[in-house]
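Down below is the structure, laid out as structure tokens.
The values are calculated or read from the model by the stated rules, or taken from the named source; none is laboratory data. Everything quoted here is computed from the prediction, not taken from an experiment. Methodologically, a virtual Cβ is constructed for each residue, glycine included, from the backbone with ideal geometry; neighbour enumeration extends over all protein chains shown.
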Amino acid sequence: MVLTQSIGKSGLQYLSESKEAFQSRSPNQELLPLTASVNSRDRLEIGGCEVTALVEQFGSPLYILDEETLRAACTQYRDAFKRYYPGSSQVLYASKAWSCLAVCAISASEGLGIDVVSAGEIHTALQAGVSPDKIYFHGNNKSREELQLAIESGCITVADNWHDLEILADLGKLGVSSKTGEPTRVMVRFTPGIECHTHDYIKTGQIDSKFGFDPGSLDDVFKFISQQPSLCCIGVHAHIGSQIFELQPHDDLADVIVETLTKALSYGLPATEINIGGGLGIRYTETDDPPSIEDWARTICTAVVAACERQQLPLPKLLCEPGRSLVGTACVTAYTVGSKKVIPGMRTYLAVDGGMSDNPRPITYQSVYRVVAAGKMRDSLTETVTIAGKHCESGDVLIKEAKLPECRAGDVLAVTATGAYNYSMSSNYNRVPRPAAVLVRDGKVDTILERETYQDLLRLDRLPERLGTQK
Ligand code: LLP
């Protein structure tokens, strides 16, 4: 059988594999969700649901999230850290990748904690039932109100700068605390000075970064915290960037972070945790070749154990906080084709009913995506087209060169690996309502995010009376 739209490392050949076999595949190395298959009508199915039928039922654009892939990624992270790290460990889901109740609740049900970066993400995690003990609050410019919310709800704050520490200390003096009245738990984030190869916008480990304390200031930081009765420094944190395919930077990070923990301990701080951040890349195209979740975890665990041995340090609790590699390849976005513009000898534009508002990554980072025609999975790929969005912006192109069977208005396309930083970065540009998102599993489908309505778009609009309604 020739699968003409076979995409990815091993593409759709996995179709007939057993459940056990697919669960051992690392989701971040796949282009399609693990449950992807092509049915007898030549249509793409995810989680046992036909993508074209989902579009008929829920409309498009539509984010289709495969529960099994998300759970498999959570399990693989959790189990790999258990297997390779003799101390205790905790995987956190970096919810900036996709913060919504369902994704937070699924990752929490798999035993993961959550990394949040705003009061909105704290609120979402708490409402999803995540234990505040497992919520870590990041951010380079947290407001006083946000810090107060984090403290009062019992979350752990990752102090990024002096502004954070001063507010935290001040809130402590005013008696702001969690219900238990314990000192406020803080981690200290620093820039480890480690470069990695990724897009400049998503690098964070280099010294010239807006995130984290400069390493040269850490003595003062630890001394300051040790003098604050309301603060308890439980550990240190560093994150080097996102969509990283190399293992070496994380190996290097282990040393730096363990050294920093030793420094914190030298100030008498009760620091017992290290968090090495997230950053593992995913496969967006055939040429992307990220390490597996297992290899990433093994590299980090081994490096941390070795670094602790060198420093003669008992093993700290080891945390990591992946986002993209947990949720990225678990989702596809289905669009309906509309207009087609053929410029002879130059290019064919195929326009879809979404674009930069539901996936701002191509226009922001020049990210490359793959697409399949979800209703024609065995048709030959005869056309090379540019998939354009519907926004009033020439740069609103989702895919510059896509190979597809001949497509016309009404055909459904599925863009792959859209689970991370798509919904969470979506906008209402051109007053386009945000798409719905559904969760699929074993042929069942649940709405996890309603499609925005035109009424939703006007919900916050106010028309001053004196302007009246123009006739
Ligand atoms: N921890 C911290 C402190 C972070 O800043 C990030 C991502 C993560 C964890 C999760 O990294 P991941 O495992 O997802 O690579 N909007 C960009 C990505 C921004 C990443 C921001 N920080 C994109 O669409 O590529």
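All of ILE46, ILE7 fail the test of being at pLDDT below 95 and surrounded by 17 or more Cβ atoms within 10 Å (Cβ to Cβ), apart from ILE7.
Restricting to segment 66-83, and then to whatever is crowded, with 19+ Cβ neighbours inside 10 Å and more than 16 Å from the ligand (Cβ to nearest atom), can you tell me which residue is nearest to ALA417 (Cα to Cα)? Only one residue fits best here, namely ASP66.
Let's see how each residue does on (1) within 16 Å of the ligand (Cβ to nearest atom); (2) touching a Gly at 6+ places or on another chain (Cβ under 8 Å):
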position: ALA307; (1), (2): no, no
position: CYS320; (1), (2): yes, yes
position: VAL327; (1), (2): yes, yes
position: GLY338; (1), (2): no, no
position: TYR349; (1), (2): no, no
position: GLY354; (1), (2): no, yes
position: ASP358; (1), (2): yes, no
position: PRO362; (1), (2): yes, no
position: GLU383; (1), (2): no, no
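So which residues in segment 364-381 are in contact with a strand residue (DSSP E or B) (Cβ under 8 Å, 6 or more places away or on another chain) and surrounded by fewer than 18 Cβ atoms within 10 Å (Cβ to Cβ), if there are any at all?
VAL368, ARG378, ASP379, LEU381
Of all the listed residues (GLN90, GLN127, GLN148), the sole one being within 16 Å of the ligand (Cβ to nearest atom) and surrounded by fewer than 23 Cβ atoms within 10 Å (Cβ to Cβ) is GLN90. Out of everything in segment 84-94 that is among the small types (Gly, Ala, Ser) and part of a loop (DSSP other than H, G, I, E, B), what residue ends up being farthest from GLY419 (Cα to Cα)? That would be GLY87.
Out of all the residues in segment 291-305, is one or more among the basic types (Lys, Arg) and buried (at least 16 other Cβ atoms within 10 Å of the Cβ)?
So far as segment 291-305 goes, yes, one or more of its residues are among the basic types (Lys, Arg) and buried (at least 16 other Cβ atoms within 10 Å of the Cβ).
One line per residue, one yes/no per condition, for (1) of a type outside the set (A, V, I, L, M); (2) touching a Pro at 6+ places or on another chain (Cβ under 8 Å):
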site	(1), (2)
ASN359	yes, no
SER367	yes, no
VAL371	no, no
LYS376	yes, yes
THR382	yes, yes
ILE387	no, no
LEU404	no, no
ARG408	yes, no
ASP411	yes, no
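Condition (residue is of a type outside the set (Phe, Trp, Tyr), outside any helix (DSSP H, G or I) and either within 24 Å of the chain's Cα centre (by Cα) or at positive phi (or both)) applied to segment 69-81: is it met by at least one residue?
Checking segment 69-81: not a single residue is of a type outside the set (Phe, Trp, Tyr), outside any helix (DSSP H, G or I) and either within 24 Å of the chain's Cα centre (by Cα) or at positive phi (or both).
Set side by side, the residues HIS197, HIS237 differ, and just one is within 13 Å of the ligand (Cβ to nearest atom) and either surrounded by fewer than 23 Cβ atoms within 10 Å (Cβ to Cβ) or modelled with pLDDT of 95 or more (or both), which is HIS237. Residues that are touching a Lys or Arg at 6+ places or on another chain (Cβ under 8 Å) and either of a type in the set (Val, Ile, Thr) or part of a loop (DSSP other than H, G, I, E, B) (or both) do occur in segment 444-462, at least one of them.
Selection of first residues in segment 361-375 that are more than 9 Å from VAL415 (Cα to Cα) and of second residues that are of a type in the set (Ser, Thr, Tyr) and away from the ligand (no atom under 16 Å from the Cβ), restricted to Cβ pairs under 6 Å at least 6 apart or on distinct chains, gives the following pairs, ordered by first then second residue: ALA374/THR52; GLY375/THR52.
How do the pairs read when you match residues in segment 209-225 that are among the polar types (S, T, N, Q) with residues anywhere that are assigned to a helix (DSSP H, G or I), using Cβ under 9 Å and keeping only pairs 6 or more apart or on different chains? As it stands, the answer is SER217/TRP162, since those pairs meet every condition given. Being assigned by TED's automatic domain parsing to the domain that holds LEU44 and within 16 Å of the ligand (Cβ to nearest atom) is true of TYR369.
Just one of (1) more than 30 Å from GLU68 (Cβ to Cβ); (2) of a type in the set (Lys, Arg); (3) within 20 Å of the chain's Cα centre (by Cα) fails for LYS134. It is (1). Scanning segment 419-442 for residues that are within 11 Å of the ligand (Cβ to nearest atom), hydrophobic (A, V, I, L, M, F, W, C) and part of a loop (DSSP other than H, G, I, E, B) gives a single hit, ALA420.
The lone criterion from (1) under 14 Å from VAL188 (Cβ atoms); (2) more than 14 Å from the ligand (Cβ to nearest atom) left unmet by GLN248 is number (1). Within segment 273-280, none of the residues are β-branched (Val, Ile, Thr) and more than 25 Å from VAL221 (Cα to Cα).
In summary, ARG283 fulfils each of the numbered conditions (1) within 16 Å of the ligand (Cβ to nearest atom); (2) in a helix (DSSP H, G or I); (3) in contact (Cβ under 8 Å) with a residue 60 or more places away in the chain; (4) not hydroxyl-bearing (Ser, Thr, Tyr) with the single exception of condition (2).
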